[in-house]
Amino acid sequence: MLERFTWFRQSAMRFAGDGLTVYIDPWGTVSQDPPADVIFITHAHTDHFQPQEIERLSRSTTKLVAPHDVARELSGDVTAVAPGDAIEVSGIKVEAVPAYNVHPDRLDKHPKANRWVGYILELEGKTYYHAGDTDHAPELDDVRTDVAFLPIGGTYTMDPGEAAGLARSISPQIAVPMHYGFVVGSPKDAETFRREAEPVTVEVMRPVNPFERD
């Protein structure tokens with residue numbers, strides 16, 4: 001279920017389907033990467049919202065989906081979303097999911113009041129949850145998905161153990177760690193996540209860009 005996905009860095013992902021190219025929080029792409037049919041942005045932080053990369057990956061028909069504060073900064077075919085919204089874009093069924101911090105030491109990093117999001121996308125008959133930057137917020141226990149991309153780096157998001165708890169709660173077929181080994185966290189965190197997420201199956205992707213942290 002991950003064959004069509006590329007991980008660039010942090011939470012930047014690309015899905016390359018049959019006639020459909022989707023980016024989520026693109027960062028670390030290059031000029032040779034194919035243009036986007038749809039770009040999803042989870043929130044306004046610079047490791048997720050890179051206007052220059054969005055512009056380079058866009059063409060006249062590219063559709064953009066983002067929270068309201070980010071959508072105001074974009075031009076073109078832009079759809080603003082908030083947690084709980086359900087839309088369809090380029091044939092993709094999309095649900096916007098809350099993404100915010102609940103840990104006392106992180107409340108100012110991604111406040112609930114910002115109404116930032118993760119996304120559940122239906123792609124080629126499977127569902128994929130990209131959590132954005134979040135803690136294990138109570139609403140997320142209701143997520144149902146085949147694949148869950150979860151941040152594990154700590155500091156700004158869940159750490160490996162907290163992310164493993166969310167993985168066990170929602171019980172996807174596959175859980176995939178992201179948002180580690182670059183700005184925060186270590187590549188070794190993936191194995192901690194794998195161990196603590198049992199019995200959930202964890203698949204660890206290798207980023208296109210080399211890890212920057214030990």
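Read-outs throughout are calculated quantities, based only on the coordinates presented, and are distinct from any laboratory measurement. Small disclaimer: the values here were computed from a predicted structure and weren't measured. Every residue, glycine as well, gets a Cβ built from its backbone with ideal geometry; the counts of neighbours run over all protein chains shown.
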What distance in nm separates the two pseudo spin-label positions at E122 and E139, each 7 Å out from Cα along the beta-carbon direction? 2.0
For V183 and M1 in one chain, what is 0.36 nm times their gap in residues minus the Cα-Cα distance, to one decimal in nm? 62.8 nm
The helix 160-170 Cα axis meets the longest alpha-carbon principal axis of the chain at an angle in degrees, between 0 and 90 and rounded to 10, of 70
7 Å from Cα along Cα→Cβ at both M205 and E55: what's the point-to-point distance in nm? 2.6
If every Lys and Arg gets +1 and every Asp and Glu gets -1 at its Cβ, then about the Cα centre the chain yields a dipole, in debye to the nearest 20, of 200
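Taking the beta-carbon count within 10 Å as an exposure proxy, list T79, T155 from fewest neighbours to most. Before the final figure, lay out each step's value.
Working: T79 18, T155 12.
Exposure proxy ranking, most exposed first: T155, T79.
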Based on other C-beta atoms within 10 Å, arrange W27, W116 from fewest to most. W27, W116
The summed charge of the F49 Cβ neighbourhood (under 9 Å; Lys/Arg +1, Asp/Glu -1) stands at -3
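Can you give me the relative contact order of the stretch 5-196 as a percent, contacts being Cα pairs under 8 Å and 6 or more apart?
Details: 447 pairs, mean separation 26.3, N = 192.
Across the stretch 5-196, relative contact order equals 14 percent.
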Gyration tensor (alpha-carbon) shape descriptor, the chain, a/c threshold 1.5: rounded
Quick check on the exposure proxy: order E212, E191 from fewest to most C-beta atoms within 10 angstrom. E212, E191
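Using a ≥ b ≥ c from the Cα gyration tensor of the stretch 104-148 (square roots of the eigenvalues), is it rounded, prolate or oblate, where a/c under 1.5 gives rounded and otherwise the larger of a/b and b/c decides, a/b for prolate?
Details: a/c = 3.07, a/b = 2.31, b/c = 1.33.
Note, shape of the stretch 104-148 comes out prolate.
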For E191 and T46, FRET efficiency with R0 = 30 Å and r from the beta-carbon atoms, rounded to 0.05? 0.60
Long-range amide H partners of L123 with built H, under 5 Å: Y128
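Would the stretch 64-129 count as rounded, prolate or oblate if I go by the C-alpha gyration tensor, calling it rounded below 1.5 in a/c and otherwise prolate when a/b exceeds b/c, oblate otherwise? Numbers along the way, then the final one.
Working: a/c = 3.07, a/b = 1.43, b/c = 2.15.
Verdict is oblate for the stretch 64-129.
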Two pseudo-spin positions, 7 Å from Cα along C-beta at A16 and at H103, lie apart in nanometres by 3.4
If a paramagnetic tag sat 7 Å from the Cα of K112 along the Cα-Cβ line, which residues of the stretch 134-172 would have the backbone N under 14 Å from that point? 135-141
Roughly how many Å is it from the Cα centre of the stretch 155-214 to that of the stretch 21-53, as a whole number? 21
